[in-house]
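> Got a structure for you, questions after.
Derivation of every value follows stated rules applied to the coordinates shown; laboratory data play no part. Fair warning: this is a prediction, and the values are worked out from it, not measured in the lab. Methodologically, a virtual Cβ is constructed for each residue, glycine included, from the backbone with ideal geometry; neighbour enumeration extends over all protein chains shown.
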Amino acid sequence: MTTATAIVAGHGLALRRSLPLPNPPGRPISLSLSFPARSLQHAARRMIVPSSRPSRRCRSISSESPTAASGTTEEDVDADEEEEEEGEEVDPQAEVRYLDPDADPDSIREWELDFCSRPILDARGKKVWELVVCDATLSLQFTRYFPNTSINSVTLRDALASVADELGVPLPDRVRFFRAQMQTIITRACGELGVKAVPSRRCVSLLLWLEERYETVYSRHPGFQAGTRPLLALDNPFPTTLPENLFGDKWAFVQLPFSSVREEVESLGRRYAFGAGLDLDLLGFELDDTTLVPGVAVESSRAKPLAAWMNGLEICALEVDTGRAILILAAGVSTRYVYAGYQKSPAATQEAEAWEAAKKACGGLHFLAVQENLNSDGCVGFWLLLDLPQPPV
């Protein structure tokens with residue numbers, strides 16, 4: 001048994017009780033690290049998603065705002081907004097066309113897209129389909145309903161072109177989508193427009209918007225069918241063997257204060273060649289700065305090539321399967337890899353369960369860091385990850 005201290009991006013993380021564990025040849029040498037679950041504060045998290053009135057974005061009001069200076073409190077403003085929202089009728093059959101007037105249209109280079117049926121029947125008794133498009137900041141929002149008789153790549157291609165025309169924005173460089181079953185149609189439609197289609201579950205804003213639309217739009221539609229299961233449910237396949245080019249040398253469970261996670265995300269573009277963040281303000285995380293966010297640090301003698309390969313995977317989550325004593329990496333839309341293993345024991349199981357409990361306490365927030373050495377003071381790659389439930393549609 002050895003004791004080590006891992007440094008993630010300049011922040012010292014005490015890794016208590018490093019256990020070298022044997023793996024098959026070519027696999028990473030796993031490090032299972034103990035940390036007390038009670039050290040993680042169970043701070044609440046609030047998700048912010050766009051309202052059914054896209055012209056009003058959900059934002060917090062600063063105590064230094066003009067309303068506060070004039071004697072109006074934040075509570076008064078919130079109460080007024082709630083009363084206004086309760087008194088406003090939402091037309092569930094209306095389609096959304098919205099571009100934030102403060103946004104620079106040329107800066108919106110990536111869209112998130114869903115093209116699928118909804119739990120709504122039309123006059124023919126057939127399921128209605130819907131195209132939903134947004135960007136990661138929800139500055140762009142677009143929806144359109146379709147009959148089930150016109151679902152093909154040509155329809156989608158023309159609809160995507162109309163998003164650009166109607167909102168006055170250029171076509172994006174990339175479009176992310178999360179349904180594997182729609183890959184052929186989406187890829188073909190995007191290809192004809194010169195847009196790269198990226199299968200990825202890192203469509204966080206889109207997934208949360210769909211959840212909100214289910215409650216405020218679909219369930220209030222006159223054709224809504226309660227209890228209808230999604231036509232194209234997300235796959236959760238059995239994990240497969242990790243490709244050799246993704247092997248690391250060691251890995252470890254680690255922790256990082258929420259304030260430091262914010263710093264890493266904010267500096268991601270300046271400090272790292274590889275990685276991905278999340279818009280923590282848009283997502284409305286309300287964790288204390290000292291709350292410890294769980295993560296996994298990976299050491300590799302070929303850290304830069306490893307990070308480069310991982311950067312193209314659209315990594316979305318990590319999870320521990322305590323029954324099989326493995327760490328699973330989820331990527332793309334339906335890819336799951338056995339990322340590493342550890343020697344099963346009561347102590348190791350307890351540590352793995354503590355890591356998963358810590359992730360749940362942080363609202364599903366966690367991270368993956370790639371380093372040249374677990375004791376180094378910097379990262380070659382940093383990905384902020386989030387567990388999300390299956391979409392209701």
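> Of the residues that make up segment 336-354, is at least one more than 24 Å from the chain's Cα centre (by Cα), among the polar types (S, T, N, Q) and within 28 Å of E286 (Cα to Cα)?
Yes, segment 336-354 contains at least one residue that is more than 24 Å from the chain's Cα centre (by Cα), among the polar types (S, T, N, Q) and within 28 Å of E286 (Cα to Cα).
Quick grid of which residues meet (1) acidic (D, E); (2) farther than 25 Å from T216 by Cα:
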residue	(1), (2)
D100	yes, no
Q141	no, no
Y145	no, no
L160	no, no
G194	no, yes
P199	no, yes
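> From A325, A348, A303, A308, which residue is in contact (Cβ under 8 Å) with a residue 12 or more places away in the chain, among the hydrophobic types (A, V, I, L, M, F, W, C), under 20 Å from D249 (Cβ atoms) and surrounded by fewer than 17 Cβ atoms within 10 Å (Cβ to Cβ)? Show your work before the answer.
On the way: A325 fails: surrounded by fewer than 17 Cβ atoms within 10 Å (Cβ to Cβ); A348 fails: surrounded by fewer than 17 Cβ atoms within 10 Å (Cβ to Cβ); A303 fails: surrounded by fewer than 17 Cβ atoms within 10 Å (Cβ to Cβ).
Just a single option satisfies the conditions, and that option is A308.
> Now a separate question. I need the helices (runs of 4 or more DSSP H) fully contained in segment 108-223, keeping only those with at least 2 residues that are in contact with an Asp or Glu (Cβ under 8 Å, 6 or more places away or on another chain) and buried (at least 19 other Cβ atoms within 10 Å of the Cβ).
204-216
> Does V333 meet the test of being over 20 Å from the mean Cα position of the chain (by Cα) and touching a residue at least 60 places away in the same chain (Cβ under 8 Å)?
Considered against the rule, which asks whether it is over 20 Å from the mean Cα position of the chain (by Cα) and touching a residue at least 60 places away in the same chain (Cβ under 8 Å), V333 comes out as no.
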